[in-house]
Amino acid sequence: MTDTKPALPERPYFSSGPCAKPPGYSPEKLATTSLGRSHRAKIGKTRLQYCIDLMREVLQLPDTHRIGIVPGSDTGAFEMAMWTMLGARGVTTMAWESFGEGWVTDAAKQLKLDPTVIRADYGQLPDLSQVNFADDVLFTWNGTTSGVRVPNADWIPADREGLTFADATSAVFAYDIDWSKIDVATFSWQKVLGGEGGHGVLILGPRAVERLESYTPAWPLPKVFRLVSKGQLAEGVFKGETINTPSMLAVEDAIFALEWAKGLANGQSALKGLQARSDANAAALDAIVQSRPWLSHLCADEAIRSKTSVCLSVEGADADFIKAFAGALEKEGAAFDIAGYRDAPAGLRIWCGATVDTADIEALGPWLDWAYASLKN
């Protein structure tokens, strides 16, 4: 390894999930009065409802859409939606990275729905004009493992017949989302908010609620997936009455992050404050990439390039090189968890979401040079 080493980033946390905690975070700052109490006691339900209210406020979610806290992180939330609502009509699934492929597997092999599958390679986006919206349509808004996102919701028609299911776990709080085009959205706190894992968030528009109340799937549903009771939506789920016992510590952690987000408003919305931080981080990383001939974006098209989970290619690098590259930076305390996803092409993945400070992205550039030069030598 070369002898000259740059100054370390103050917070070298660039993992794409769980992501960096909000600046200024410490466990001692969390409210703890709900701990050791029943989540069904007044204090537990009040804090869960407050968390839901904060998510609605920060996301600027319209009153037409419900928010529920559910088990199993984003995966649990998305599979809950699939298992309870699919099968009423045809299904189109889109996949351009590993998590989208997971929903293809669920639809085809587990639910046996014979879906239409529209694919693209890592770094690319499928032709969105191919989508038949007479079907229910499943897609990831931001492909965490490929660094590719949909540019907006303009490709989704207002008069669609099927439902839209958006896995938005690396997208919410980072992009503008036209909620009138989304019937089901899911995410987890450990991405843009930097929260703890284990809990998913399920957002339902009115068309999704109508489906739940008018359609009963052919397959059995486990208890943790059941959103309907006696033909009616279980409204309590969307008022803090969770299906099973949540971690109130994780809830308090999410509340901390949401209150931090509200503090970013500065005369604008909290959402714009979060987006501005993510945009600045992505721009700082892009400046690093553009000035280095050996570094490039896996997604060449800026219009569909992620501003959160940014995936990079290193010239001539294979999986072993990337492992050594990321390992060297971790050993130095310069960058944690920046190797690309195991199923993606060999490369780096650097989280640029709002909880990362731009100064730390900027400080990362010289360390990338150091690791590259060290390994090449």
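Take the stretch 8-46 and flag every residue that is open to solvent by less than 30 Å² (accessible area, probe 1.4 Å), touching a residue at least 40 places away in the same chain (Cβ under 8 Å), outside any helix (DSSP H, G or I) and of a type in the set (Gly, Ala, Ser).
Across the stretch 8-46, the qualifying residues are 15, 16, 20, 34.
If you go through the stretch 109-131 one residue at a time, how many are open to solvent by less than 40 Å² (accessible area, probe 1.4 Å) and farther than 23 Å from residue 85 by Cα?
Summing the residues that are open to solvent by less than 40 Å² (accessible area, probe 1.4 Å) and farther than 23 Å from residue 85 by Cα in the stretch 109-131 gives 4.
Of the residues 55, 85, which single one is within 24 Å of residue 253 (Cα to Cα) and aliphatic (A, V, I, L, M)? Working first, answer last.
Values: 85 fails: within 24 Å of residue 253 (Cα to Cα).
Exactly one residue qualifies, and that residue is 55.
With respect to residue 81, determine if the residue is within 20 Å of residue 118 (Cβ to Cβ), among the small types (Gly, Ala, Ser), touching a Ser or Thr at 6+ places or on another chain (Cβ under 9 Å) and not in a strand (DSSP E or B). Quick ask: steps written out before the conclusion?
Values: within 20 Å of residue 118 (Cβ to Cβ): yes; among the small types (Gly, Ala, Ser): yes; touching a Ser or Thr at 6+ places or on another chain (Cβ under 9 Å): yes; not in a strand (DSSP E or B): yes.
Spelling it out, residue 81 is indeed within 20 Å of residue 118 (Cβ to Cβ), among the small types (Gly, Ala, Ser), touching a Ser or Thr at 6+ places or on another chain (Cβ under 9 Å) and not in a strand (DSSP E or B).
Restricting attention to the stretch 199-206, does a residue exist that is in contact (Cβ under 8 Å) with a residue 60 or more places away in the chain, outside any loop (DSSP other than H, G, I, E, B) and open to solvent by 30 Å² or more (accessible area, probe 1.4 Å)?
If we filter the stretch 199-206 for residues that are in contact (Cβ under 8 Å) with a residue 60 or more places away in the chain, which is where we start, we get 199-206.
From what's left, outside any loop (DSSP other than H, G, I, E, B): 199-204, 206.
Still in the list and also open to solvent by 30 Å² or more (accessible area, probe 1.4 Å): 206.
Scanning the stretch 199-206, I find at least one residue that is in contact (Cβ under 8 Å) with a residue 60 or more places away in the chain, outside any loop (DSSP other than H, G, I, E, B) and open to solvent by 30 Å² or more (accessible area, probe 1.4 Å), so the answer is yes.
Would a scan of the stretch 222-241 turn up a residue that is within 21 Å of the chain's Cα centre (by Cα), open to solvent by less than 10 Å² (accessible area, probe 1.4 Å) and not charged (D, E, K, R)?
First, the residues of the stretch 222-241 that are within 21 Å of the chain's Cα centre (by Cα): 225, 238.
Next, only the ones that are open to solvent by less than 10 Å² (accessible area, probe 1.4 Å) stay: none.
The answer is no; no qualifying residue exists.
Name the single residue that is surrounded by the fewest Cβ atoms within 10 Å (Cβ to Cβ) among those in the stretch 207-221 being in a loop (DSSP other than H, G, I, E, B) and touching a Gly at 6+ places or on another chain (Cβ under 7 Å).
As a first pass, look at the stretch 207-221 and keep what is in a loop (DSSP other than H, G, I, E, B): 215-221.
Checking which are touching a Gly at 6+ places or on another chain (Cβ under 7 Å) leaves us with 217-218.
Values: 217: 15, 218: 7.
This residue is 218.
Of the conditions (1) in contact with a strand residue (DSSP E or B) (Cβ under 6 Å, 6 or more places away or on another chain); (2) among the aliphatic types (A, V, I, L, M); (3) exposed (fewer than 14 other Cβ atoms within 10 Å of the Cβ), residue 158 satisfies every one except a single condition; which number is it?
Residue 158 satisfies all of (1) in contact with a strand residue (DSSP E or B) (Cβ under 6 Å, 6 or more places away or on another chain); (2) among the aliphatic types (A, V, I, L, M); (3) exposed (fewer than 14 other Cβ atoms within 10 Å of the Cβ) except (1).
Tell me the residue from 305, 292, 342 that is under 17 Å from the mean Cα position of the chain (by Cα) and not small (Gly, Ala, Ser), please. Give the steps one after another, and end with the answer.
Values: 292 fails: under 17 Å from the mean Cα position of the chain (by Cα); 342 fails: under 17 Å from the mean Cα position of the chain (by Cα).
Only one candidate passes the filter, namely 305.
Those residues that are within 30 Å of residue 283 (Cα to Cα) and either surrounded by fewer than 18 Cβ atoms within 10 Å (Cβ to Cβ) or modelled with pLDDT under 95 (or both), I need them from the stretch 161-178; list them, please. Walk me through it before giving the result.
First, pick out the residues of the stretch 161-178 that are within 30 Å of residue 283 (Cα to Cα): 165-178.
176, 178, listed by residue number.
What are the residues in the stretch 226-250 that are among the β-branched types (Val, Ile, Thr) and not in a helix (DSSP H, G or I), if any? Write out each step before concluding.
Let us first name the residues in the stretch 226-250 that are among the β-branched types (Val, Ile, Thr), namely 228, 237, 242-243, 245.
Within the stretch 226-250, 228, 242, 243, 245 meet the criteria.
Scan the stretch 62-74 residue by residue and report those that are more than 14 Å from residue 184 (Cβ to Cβ) and either of a type in the set (Gly, Ala, Ser) or surrounded by fewer than 21 Cβ atoms within 10 Å (Cβ to Cβ) (or both). Spell out the reasoning first.
First, pick out the residues of the stretch 62-74 that are more than 14 Å from residue 184 (Cβ to Cβ): 62-63, 69, 71-73.
Within the stretch 62-74, 62, 63, 71, 72, 73 qualify.
How many of the residues in the stretch 278-331 are in a strand (DSSP E or B) and in contact with a Gly (Cβ under 8 Å, 6 or more places away or on another chain)?
Summing the residues that are in a strand (DSSP E or B) and in contact with a Gly (Cβ under 8 Å, 6 or more places away or on another chain) in the stretch 278-331 gives 8.
Is there a residue in the stretch 261-282 that is buried (at least 18 other Cβ atoms within 10 Å of the Cβ), out of contact with any His (no Cβ under 9 Å at 6 or more places or on another chain) and closer than 27 Å to residue 39 by Cα?
Taking every residue of the stretch 261-282 in turn, at least one turns out to be buried (at least 18 other Cβ atoms within 10 Å of the Cβ), out of contact with any His (no Cβ under 9 Å at 6 or more places or on another chain) and closer than 27 Å to residue 39 by Cα.
Hey, any hits in the stretch 49-57 for a residue that's over 20 Å from the mean Cα position of the chain (by Cα) and over 29 Å from residue 368 (Cβ atoms)?
yes
If you go through the stretch 304-329, how many residues are among the small types (Gly, Ala, Ser) and open to solvent by 60 Å² or more (accessible area, probe 1.4 Å)?
Taking the stretch 304-329 as the starting set, the residues that turn out to be among the small types (Gly, Ala, Ser) are 306, 309, 313, 316-317, 319, 324, 326-328.
Among the residues that remain, those that are also open to solvent by 60 Å² or more (accessible area, probe 1.4 Å) are: 316, 319.
Of the residues in that region, 2 qualify.
The values are calculated or read from the model by the stated rules, or taken from the named source; none is laboratory data. All values reported here derive from a predicted model rather than from experimental measurement. Glycine also receives a Cβ, built like all others from the backbone with ideal geometry; neighbour counts cover every protein chain displayed. These area figures cover heavy atoms from the full protein model, side chains too; ligands, DNA and RNA do not enter into them. Shrake-Rupley method; radii C 1.70, N 1.55, O 1.52, S 1.80 Å.
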